[in-house]
Amino acid sequence: MIGGFLGAGKTTLISRLARHYTDLGKKIGLVTNDQAYGLVDTEHLRSQGFDVGEVPGACFCCKFNDLVETAEKLSEDALPDIIIAEPVGSCTDLMATVIEPMKQIYGERFEVGPLTVLLKPEHGRKILSGTGKLGFSPKAAYIFEKQIEEANIVAINKADKLTEEQLSELVRLVEKKFPGKTVVTISGREGTNVDRLVGLMEDPALAVRTTMDVDYDIYAEGEAELGWFNCQIAAKSVGEKFELDRVVLSLVEEIANNLVAADFEPAHLKVMGQSVTESAVANFVVADEPPELSLSSEIRTDAADLIVNARVGTDPRSLQLIVQKSAESLAGRLDIGLELSGIQSFKPGRPEPIYRING
């Protein structure tokens, strides 16, 4: 299981790990998880040819039985050697509510490895240092820190974007606040130190129970401070074919500019565009850094299906209006048709785990 806050880079890392094990001749199954339906992560991983199960509508802890059923469905054609599960980015207390129940109830079927948590450096420096603007309220920051507290392995991601000094500072902050943690710096995108991370993830000695107290009132309020918005957008050319990469990145930039103008902190904004043959993905993960195109299609097309996943520190209605306004503005500017459908706009409900085994 690979956890970490929204925008930490879990899907990119999981894709690299899946390719690593596939190259070794292993059969890999992947399980994604989200509070909503229609996930960029799922479609992105499936577009790469991976076998992906999805647990939507709530976190793994609240849909534990769905997690087990989804894992078993991955075995219908051939038993996977490895299943990698990616929980909701605003979820914590995984050790007590998912991993320990999996070990104790299904230990004969599954061997559970160490809990790896990716540390998102963009918010990690702010939250762990306790200086400057956190980006989120202390209640949302509480979830961020609890994720690190329960981890067997803390992987500080996006090393390719950080200086040696910044990496050293993050390692120092983690070791100071959470002494004794196994810490590794990686880049899921570039592959830096991923071999070392694989070695740690395969070490059964690290798969030990970590216990912690969790205030579910603060946890629930922290999650509820994030507005969640998902939708599909049908993009059609009005005249000439359009560049799929430009449309995807421009939509993220348009939404990002409106979020920054309103002083709404993004946890993660993802847009995926799919034509018949190719895909493009753009992301925006923190207010003071620009959006980026993380997957390029390099095609022109008459039509494409876009998926928008946005998790932002504001109320869902305001977030929905911003996305709709951004799509309308972009359609006029690029002279293309953009039609929204399948809108989901909400705040997550209080976590209600099926099991909780702690201590």
If you take all C-alpha pairs in the range 203-359, what percent of them are over 29 Å apart?
-> 30 percent
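Two decimals is fine: what's Rg over Rh for the range 34-154, C-alpha atoms, Kirkwood radius as Rh? The partial results should precede the final answer.
Numbers: Rg = 16.0 Å, Rh = 16.0 Å.
Ratio of gyration radius to Kirkwood radius for the range 34-154: 1.00.
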Would you please state the base-10 log of I(q)/I(0) at q = 0.20, 0.25, 0.31 1/Å for the range 279-320, with intensities from the Debye formula using one equal scatterer on every alpha carbon?
-> -0.82, -1.01, -1.17
Filter the cross-link list Lys27/Lys139; Lys63/Lys270; Lys146/Lys347; Lys10/Lys325 down to pairs whose alpha-carbon distance in this structure exceeds 32 Å.
-> Lys27/Lys139
Within the chain, helix-based [θ] at 222 nm, where runs of 4 or more DSSP H residues each add -39,500 (n - 2.57), nearest 500 = -11000 deg cm²/dmol
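How do the peptides 296-305, 317-326 rank, highest first, by the average count of neighbouring beta carbon atoms within 10 Å per residue?
The packing order, highest mean first, is 317-326, 296-305.
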Distance in nm between pseudo-label sites at Arg317 and Arg356 (7 Å out along the Cβ direction from Cα) = 3.2 nm
Inter-probe distance in nm under a simple model that places probes 7 Å from Cα toward Cβ, at Ala205 and Asp288 | 4.0 nm
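What length, rounded to one decimal in nm, is gained on full extension from Phe346 through to Ser168, with 0.36 nm per residue of separation minus their alpha-carbon distance?
Numbers: separation 178, 0.36 × 178 = 64.08 nm, distance 3.80 nm.
Going from the current span to full extension adds 60.3 nm.
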Output ³J(HN,Hα) for the range 191-202: one whole-Hz value per residue in order, computed from phi by the Karplus curve 6.51 cos²θ - 1.76 cosθ + 1.60 with θ = phi - 60°, and x for Gly and Pro.
-> x, 4, 6, 5, 4, 5, 4, 4, x, 5, 5, 8
Average silhouette area of the chain, convex hull of alpha-carbon atoms, in square nanometres | 17.0 nm²
One would report the antiparallel percent of DSSP beta bridges in the chain, rounded to the nearest 5, as 65 percent
Are there cysteines in the chain with no other Cys C-beta under 4.7 Å, and if so, which?
-> Cys61, Cys62, Cys231
Using only alpha carbon pairs under 8 Å that are at least six residues apart, calculate the relative contact order of the range 202-359 and give it in whole percent.
-> 37 percent
Using 1/(1 + (r/R0)^6) with R0 = 41 angstrom and r between the beta carbons of Lys241 and Ala261, what's the FRET efficiency to the nearest 0.05?
-> 0.85
Fewest to most Cβ atoms within 10 Å: Phe50, Phe229 sort as Phe50, Phe229
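Could the peptides 189-197, 2-10 be put in order, highest first, of the mean number of other beta-carbon atoms found within 10 Å of their residues?
Working: 189-197: 15.9, 2-10: 26.0.
In descending order of packing, they fall as 2-10, 189-197.
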Taking the chain as the reference, fit the longest principal axis to its C-alpha atoms, fit the long axis of helix 244-261 to the helix C-alpha atoms, and give the angle between the two in degrees, 0 to 90, nearest 10.
-> 80 degrees
Using the number of other C-beta atoms within 10 angstrom as an exposure proxy, rank Glu328, Glu150, Glu86 with the fewest first.
-> Glu328, Glu150, Glu86
Kirkwood-based Rg over Rh for the range 169-222 (C-alpha set), two decimals?
-> 1.07
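Readers should treat all values here as calculations from the given coordinates under stated rules, not as data from a laboratory. What you see is a predicted model, and the numbers here were worked out from it, not measured in a lab. With ideal geometry, Cβ positions are generated from the backbone for all residues, glycine too; neighbour counts draw on all protein chains shown.
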